[in-house]
Structures are given as C-alpha cells and as structure tokens.
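The values are calculated or read from the model by the stated rules, or taken from the named source; none is laboratory data. Computed from a predicted structure; not experimentally measured. A quick note on method: Cβ atoms are made from the backbone with ideal geometry, for glycine too, and the neighbour counts reach across all protein chains shown. For accessibility, only protein heavy atoms count, side chains too; no ligands or nucleic acids. Shrake-Rupley method; radii C 1.70, N 1.55, O 1.52, S 1.80 Å.
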Amino acid sequence: MKLYLYNTLTKQKEEFKPLEGNEVRIYTCGPTVYNYAHIGNFRAYIFMDNLRRVLKKNGYTIKHVMNITDVGHLESDADEGEDKMEKAARKEKKNPYEIAKFYTEAFMQDIQKLHIDIPEIIAKATDHIPEMEQYVETLLKNGYAYETSTAIYFDVSKLDKYPILSNRKLDEQIAGARVEVDQEKKNPYDFAVWIKAPENHIMKWESPWGLSYPGWHLECSAMGRKYLGDQFDIHTGGVDHIPTHHENEIAQSKGATGKIPAKRWMHVEFLQVDGGKMSKSLGNTYTLAQLQEKGIEPLAYKLFCYTAHYRTKLNFTFAGALSAQKALNRLRESYIKHKQGEEVIEEETIQNYQKRFMEAVNDDLNMPLAMGVVWEVARNEKKSKQYAKLLLAFDEILALDLKNAGNYLQEQKEVSFPEEIQKLIEERKIARQNKNWELSDQLRKEIEEKGYTIKDTKEGMTVEKL
Ligand code: AMP
Ligand code: ZN
C-alpha cells in the first residue's frame, strides 16, 4: 500500500519513498527545556510518534534524531530578547545547567506517560558545541556568514531564494530582527548563527570569535548534519517553525552543503485553548500533571488529539478532554469484551478493517478517519477474540496501551474506594510482589470483611464492592 505524506516545501501530499534503502532518517525539533512542556507541545510529539509508527508499520526502519535545546533559544525566534534558559535560571535562582537537567527529565517522564517512543538519538545542544563551531567556520569559508562586534550573521542576500518554505515576502521576513541590537548587520533579515556572549551570560564557550554561544537555528543544522548527513528524509516541527526556524535551517544548509537538508518538511498545527491562543501570559497553558489532577489521563489527551488531523487546529477544552477520557474507558471495555468473546469472524472482514485503517493512516496520518474504523471494530455487536487482536494491531500505531486496558480500568475503580480500602489493596499488591503469601491472604480476609471481593487473575488483582 502506498504511503502519502504532506510536504510543506512543495505544499502537496507526496508518495513517500526513503532517499536510501529501507531506512528513514528523521529530524524533529525538540523542546527548549526552560520550563515544563505544555499539552500544546505534546501535540507536536504525539504527531511525531504517529509518524514513526506509521513508517514502521509500512516496513521501514528508522533513524530519528530529536534535539534538546538547552542554550541559545532567545525569547523571540527571530534572535531578539534574552536566552530562555538564562532567564529561567535567574528566575528560579539556579544554574542554567540545573534548569536544563530538571526540565529534560520532566519532559522524558511525560513522553513516557504518553507512550511516545523515544527517538533513537537524543541530541543535547550543549554536547555539540565543537560541531556547531565547525559549521560556523564552513559558513564563513563559503562566504555565507560575516562577523560583527556582537555575532556571526548569516548573509541572506547570498541565497538564490529566501524564504522558500513560507509564502512570506522577504520584507515580511523577520524585518527588524536584532536591528536595534546590532547596527552592523548587512541586511535587516540576516540572522545570528553564533552570538558573542554578554558578560553575564553563563553558558558560553571559547571560540575563534571570543566567548560565545550558538544560535538556536544553527544547533539543529549542525546536529542534523552530524547524525543524518547532508540530506535526510523528513524534518518535523510545529507550524511556528515554518517562517523562521526552519527557513533559517534551510538557509544554513544551503550555505554549508549547497543542499536543502530534508526532502520533506512536516508541520503540526497548533493546539488552541477555548478557541484562542495558548500562552503563558494568558495563563492557559496546561501540563499533563494539571490534566491528571482533573482526572484526565495522558493517554486520554492523546485520544483527544486524534479527533483532529495534525494539519488542522485543535481546540482544547476540559469538557472535550473529559469526554476523551470516557471514550478511552469505553474503548478499553470494548477491547476486554472482545477478548472474552467467542464469535468467529470471516478473515475477509478482518482484512477489510485492516485495509481501511491502513488507508487512513497512510493518507497523511489521517487519525480521525482511522479512529472511525477503530470504533466500528470496538463497538461491533459480535464479540470476538479476532477483533481484540485487530484492536491490538491498530494500537501499534495508536499507542494507547490497550493491552493493559484491564489494569487502567481497575485503577480507576480503586480511586473511588475509601482510602482505607485503597491502602489495604496497595499493601496486598506489595505483599504479592514480595511473594509473601501469608500476608497476602491475611489482607484478602481483611478487605473481604470490609465488604469487597478480590479476584487474582493473570493480569493482576481485581477488587469489586459486594
Ligand atoms: P518549544 O519547546 O517552544 O521549542 O516547542 C516544542 C514544540 O512544540 C515545537 O515543535 C513547537 O512548534 C510545538 N508547539 C508549541 N506550542 C504549540 C501548540 N500550542 N500546539 C502545537 N504545537 C506547539
Ligand atoms: Zn530545530
């Protein structure tokens, strides 16, 4: 079956074929680790994971790099303002390296909660300073960059065409960026690739141009080239990357290698809140933990994301997320019922569902359409183990951890039990893990005396109120 993916560069869906052999090389712009990632950010990584899984299901192997930006991302994408890391460090009265470590760990925990596969290579910007310095040297040598008293700039006038990814006109493109900062810029839209560090900038490195730090755009170009070569298959990010960050990555690659670094550029649209922009200043950015406090699991948020195609805006509301939570539980219950079902389904019917599901995901990751097929199977009147197996096959792409459906439902039930019972259940789980059968039996008795029944199954223990 053919796989079609939209390419922002050509503005059309194209049939996907890897540049070389069976391996797909992907670069994803990762988080800037100065704060907790919010659910908007996670829409971007859920999309990234869907893409990986669809490629795998189509038989490809993957070499995927995601960067961690721990230096050089200024407050505005167009090189203005302070380094986000340094600002956060000052605010939290910590060292920027501590800030980076803390929020990188928090990010990794969150993507695990979402059952997002971690890309093969996680590249931290501060681990790649020599490669970045070398990249700047190449740009200078090739005549695409010049030095001023505050930075090394990319000379945009040297390119045959700029911008090429967005439909913007050149004078709309970051007009004025850093102009107030540096009067020595040749063209107003030239952007900094390497920034000379002010006295108080903590993250800085010795370089031929004095103590400096890399620009955010340069980081991705240098790390992408190091791991994936001069040209790779797919570059992903959010739509906010189109006009500046990715445009400038392309400019840098053309200056350094003469090539556009990726053949396909894929961008996920924004998650909005209550129909408007999601921003820290409006106080409407939510973390996964804040959703969990309101009884919305990370996986329910993921299911919520599947209600819209990745190239359309998605409006977040708590009501919408809560109904995704209910839907997720219904899907889990349906899976369990099918697993216990005895009906025999014709192989042709199964194959037909499989085909429709794959056609949907292979059509530029059409998750809402794919979910339509999932629900048809889940809600089918005939309860069959074949349908349970089919749902698990779909879950290789959905990644909703359906195989553990029973455990999630049980945990939710337990939350509604009185605290005293929850405590006893926890103690019994630990006793069983430690193979302390005597204690386990004693706790069973205690729980039963308080009006609950216990069943120990292959999947774990289930507790019900009598
Ligand atoms: P950042 O950590 O700010 O560099 O952003 C990480 C990723 O999240 C980038 O791919 C952004 O494009 C993406 N992103 C930021 N805000 C949103 C949003 N509201 N909806 C979807 N993606 C977003
Ligand atoms: Zn990037």
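Taking Tyr45, is it out of contact with any strand residue (DSSP E or B) (no Cβ under 7 Å at 6 or more places or on another chain), within 16 Å of ligand 2 (Cβ to nearest atom), modelled with pLDDT of 90 or more and open to solvent by less than 20 Å² (accessible area, probe 1.4 Å)? When the stated conditions are applied, Tyr45 passes them. The single condition from (1) over 22 Å from Tyr310 (Cβ atoms); (2) assigned to a helix (DSSP H, G or I) that Glu80 fails is (2).
Per the conditions (1) of a type outside the set (S, T, N, Q); (2) away from ligand 1 (no atom under 16 Å from the Cβ); (3) on the phi < 0 side of the Ramachandran plot, the sole criterion not satisfied by Glu249 is (2).
Listed by first and then second residue, the pairs with beta-carbon distance under 7 Å, at least 6 apart or on different chains, first residue in region 136-149 and without any contact (Cβ under 8 Å) to a residue 12 or more places away in the chain and over 16 Å from Gly210 (Cα atoms), second open to solvent by less than 70 Å² (accessible area, probe 1.4 Å) and aromatic (Phe, Trp, Tyr), form an empty list. Just the residues that are modelled with pLDDT under 85 and loosely packed, with under 14 Cβ neighbours inside 10 Å, please, taken from region 150-182. Across region 150-182, the qualifying residues are Asn167, Lys169, Asp171, Glu172, Ala175, Gly176, Glu180. Of Glu348, Glu342, which residue is part of a loop (DSSP other than H, G, I, E, B), out of contact with any Leu (no Cβ under 6 Å at 6 or more places or on another chain), more than 24 Å from Leu114 (Cα to Cα) and open to solvent by 50 Å² or more (accessible area, probe 1.4 Å)? Going through Glu348, Glu342 in turn, just one is part of a loop (DSSP other than H, G, I, E, B), out of contact with any Leu (no Cβ under 6 Å at 6 or more places or on another chain), more than 24 Å from Leu114 (Cα to Cα) and open to solvent by 50 Å² or more (accessible area, probe 1.4 Å): Glu342. Test Arg53 against the stated conditions and say whether it is assigned by TED's automatic domain parsing to the domain that holds Ser221, among the basic types (Lys, Arg), under 17 Å from the mean Cα position of the chain (by Cα) and buried (at least 22 other Cβ atoms within 10 Å of the Cβ). No. Residue check: Ser281 meets all listed conditions (1) closer than 25 Å to Ala405 by Cβ; (2) assigned to a loop (DSSP other than H, G, I, E, B); (3) open to solvent by 10 Å² or more (accessible area, probe 1.4 Å) but one, namely (1). Determine whether region 412-421 contains at least one residue that is open to solvent by less than 30 Å² (accessible area, probe 1.4 Å), under 37 Å from the mean Cα position of the chain (by Cα) and of a type outside the set (Val, Ile, Thr). Yes, because at least one residue in region 412-421 is open to solvent by less than 30 Å² (accessible area, probe 1.4 Å), under 37 Å from the mean Cα position of the chain (by Cα) and of a type outside the set (Val, Ile, Thr). Return yes when Lys13 is under 29 Å from Ile397 (Cα atoms), assigned to a loop (DSSP other than H, G, I, E, B) and of a type outside the set (Gly, Ala, Ser) and no when it is not. No, not satisfied. The single condition among (1) small (Gly, Ala, Ser); (2) touching a residue at least 24 places away in the same chain (Cβ under 8 Å); (3) out of contact with any Gly (no Cβ under 6 Å at 6 or more places or on another chain) that Gly258 does not meet is (2). Filtering region 244-253 for residues that are within 14 Å of Tyr135 (Cα to Cα) and within 17 Å of the chain's Cα centre (by Cα) leaves an empty set.
Screening Ile260 with (1) within 14 Å of ligand 1 (Cβ to nearest atom); (2) in the same structural domain as Ile152 (by TED's automatic domain parsing); (3) β-branched (Val, Ile, Thr) gives one miss only, at (1). Restricted to region 210-239, and to residues that are within 22 Å of the chain's Cα centre (by Cα) and away from ligand 1 (no atom under 16 Å from the Cβ), which residue is most open to solvent (accessible area, probe 1.4 Å)? Across region 210-239, the extreme among qualifying residues is Lys226. If the condition is being within 16 Å of ligand 2 (Cβ to nearest atom) and either assigned to a loop (DSSP other than H, G, I, E, B) or closer than 14 Å to Pro119 by Cα (or both), then region 52-75 contributes His64, Val65, Met66, Asn67, Ile68, Asp70, Val71, Gly72, His73. The set of residues from region 240-263 being closer than 13 Å to Leu19 by Cβ, more than 15 Å from ligand 2 (Cβ to nearest atom) and surrounded by fewer than 20 Cβ atoms within 10 Å (Cβ to Cβ) comprises just one member, Lys259.
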